[in-house]
Amino acid sequence: LASSVSLVRKMIAVESRARRPLAKTAVSVVVIAHALLSHGSQGFSMIPTTTRLGGGRRHQELGATTTLVDTPISLPTIDDAKTVTFSKYHGLGNDFILVDNRGLSEPVVTPTEAAQLCDRNFGVGADGVIFVMDADDAANDLKMRIYNSDSSEPEMCGNGIRCLARFASAELGLDAEAFRVETGAGLIVPELLDTVVRVDMGEPELVGAKVPCTLEPTDEAGRVVDAPLVPSVDKDLELEATAVSMGNPHAVMFVDNLDALDFERLGPLCEAHAAFPARVNAEFVEVVDARTLRMRVWERGAGPTLACGTGACAVLVAAVLTGRAERDCVVRLPGGDLRIEWREEDNKCYMTGPAEFVFAGSARVPPVGSSTA
């Protein structure tokens, strides 16, 4: 608003220097004032050399001269924006915007609009937007879709599905201790316990080609376990990757000292590594002991996050395959701890951790391509 008032003053000064009748300027000021009063700081677009005005007139400032050009101009208004009602939850700091999308066949916002909502400076702020939808199969309870903060759509999210379960129980009136949730990674079953949510994450996929991963298999079963990551992403650090899919692809790399790792540089290089044609979630892991693992994750489509549930499962699986850990471990992430089990009896991974409400509200999503600066 302050910058818009400054613009009005500037227009008056320019018109005065040009010795033009102030009547035209007055009309422009009235138009701008009306826009500001009607829309506040939203719905009013300012461009460095061209200022949009209502009433079909555009003011162009070119050096010391001023011209008024008749041009059809339409301002984005609040009415043009899409209003989205949401609740925000987080699982160990991995935060999500939850939207009740039941009754609709597609998410209420586009991937680009979801990225706007996720923006931490100009939006609500989140790692992703989760849409709670009607299940395709009547035998199931719900369907989950998610758009990442970069507009991509992953198959599933472990922390996100814990948040979905808590949201469904607390805010959608679904009275159940467990939910059968359809995801891009298959059927996932979160179970509400006292203060945490336990999730049956299903069986890990270990055949490299199915992850997908193009590194040379290290055994006859086609698994990629502690395989050299080639081409190398660091001339001074030889990383070895274990490829695991938990419905989404993971590259697990063990390091001696997690704190000494150049995580911000190596994370995006590993995410986009040529050996993972669908890109990959990159996990860097330090073994504390046989029951405790520390990890940091660079998530595909979200970058560094405080926690990753599917990543924690992949880390435990890789640690067991390489003889570094037992099948029931605490995985320590920057946002807190998850308990992960990989049970021999059913070959499934189980993840247990919190899901907490942050706040609820509604947000206006401006049309793509409009400016609300």
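The values are calculated or read from the model by the stated rules, or taken from the named source; none is laboratory data. Because the structure is predicted, anything quoted here is derived from the model rather than measured. Every residue, glycine as well, gets a Cβ built from its backbone with ideal geometry; the counts of neighbours run over all protein chains shown. Ligands, DNA and RNA are excluded from the accessible area calculation, which covers all protein heavy atoms including side chains. Shrake-Rupley method; radii C 1.70, N 1.55, O 1.52, S 1.80 Å.
Of the candidates Val207, Val211, Val233, the single residue that is surrounded by 14 or more Cβ atoms within 10 Å (Cβ to Cβ) and in contact with a helix residue (DSSP H, G or I) (Cβ under 6 Å, 6 or more places away or on another chain) is Val233.
Taking residues in the range 210-234 that are under 21 Å from Val255 (Cα atoms), and partners anywhere that are hydroxyl-bearing (Ser, Thr, Tyr) and assigned to a loop (DSSP other than H, G, I, E, B), the pairs with Cβ atoms closer than 8 Å and at least 6 places apart or on different chains are Val224/Thr218; Val225/Thr218; Val225/Thr322; Asp226/Thr218; Asp226/Thr322; Ala227/Thr218. Return a yes/no flag: does the range 305-316 have any residue that is modelled with pLDDT under 95 and under 20 Å from Gly91 (Cβ atoms). Within the range 305-316, none of the residues are modelled with pLDDT under 95 and under 20 Å from Gly91 (Cβ atoms). None of Ala282, Ala278, Ala241, Ala260 is surrounded by fewer than 17 Cβ atoms within 10 Å (Cβ to Cβ), farther than 16 Å from Met351 by Cα and either touching a helix residue (DSSP H, G or I) at 6+ places or on another chain (Cβ under 9 Å) or free of Cβ contacts under 8 Å to residues at least 24 places away in the same chain (or both) except Ala260. When the range 194-216 is filtered for residues that are over 14 Å from Ile161 (Cα atoms) and aliphatic (A, V, I, L, M), the ones remaining, listed by number, are Leu206, Val207, Ala209, Val211, Leu215. Among residues of the range 346-367 that are in contact (Cβ under 8 Å) with a residue 60 or more places away in the chain and under 21 Å from Gly125 (Cβ atoms), those with a Cβ under 6 angstrom from a residue that is assigned to a loop (DSSP other than H, G, I, E, B) and of a type in the set (S, T, N, Q), sequence gap 6+ or separate chain, pair up as Pro366/Thr372. For the range 98-114, enumerate the residues that are open to solvent by less than 10 Å² (accessible area, probe 1.4 Å) and either farther than 12 Å from Tyr147 by Cα or of a type in the set (Val, Ile, Thr) (or both). Once the filter is applied, which keeps residues that are open to solvent by less than 10 Å² (accessible area, probe 1.4 Å) and either farther than 12 Å from Tyr147 by Cα or of a type in the set (Val, Ile, Thr) (or both), the range 98-114 yields Val99, Asn101, Val109.
The set of residues from the range 142-189 being open to solvent by less than 10 Å² (accessible area, probe 1.4 Å) and assigned to a loop (DSSP other than H, G, I, E, B) comprises Met156, Phe179.
Scanning the range 184-208 for residues that are touching a strand residue (DSSP E or B) at 6+ places or on another chain (Cβ under 6 Å) and either without any contact (Cβ under 8 Å) to a residue 60 or more places away in the chain or of a type in the set (Val, Ile, Thr) (or both) yields Ile188, Val189, Pro190, Glu191, Val196, Val197, Val199, Glu205, Gly208.
Only one entry of Asp137, Asp194, Asp219 meets the criterion of being at pLDDT below 95 and either part of a loop (DSSP other than H, G, I, E, B) or within 19 Å of Leu316 (Cα to Cα) (or both), and that entry is Asp194.
Quick check on the range 231-242. Is at least one of its residues of a type outside the set (S, T, N, Q) and assigned to a helix (DSSP H, G or I)? For the range 231-242, residues of a type outside the set (S, T, N, Q) and assigned to a helix (DSSP H, G or I): absent.
Yes or no, residue by residue, for (1) open to solvent by 10 Å² or more (accessible area, probe 1.4 Å); (2) among the basic types (Lys, Arg); (3) in contact with a Phe, Trp or Tyr (Cβ under 6 Å, 6 or more places away or on another chain):
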site	(1), (2), (3)
Glu271	yes, no, yes
Val288	yes, no, no
Thr292	yes, no, no
Glu326	yes, no, no
Val330	yes, no, no
Arg343	yes, yes, no
Lys348	yes, yes, no
Thr352	yes, no, no
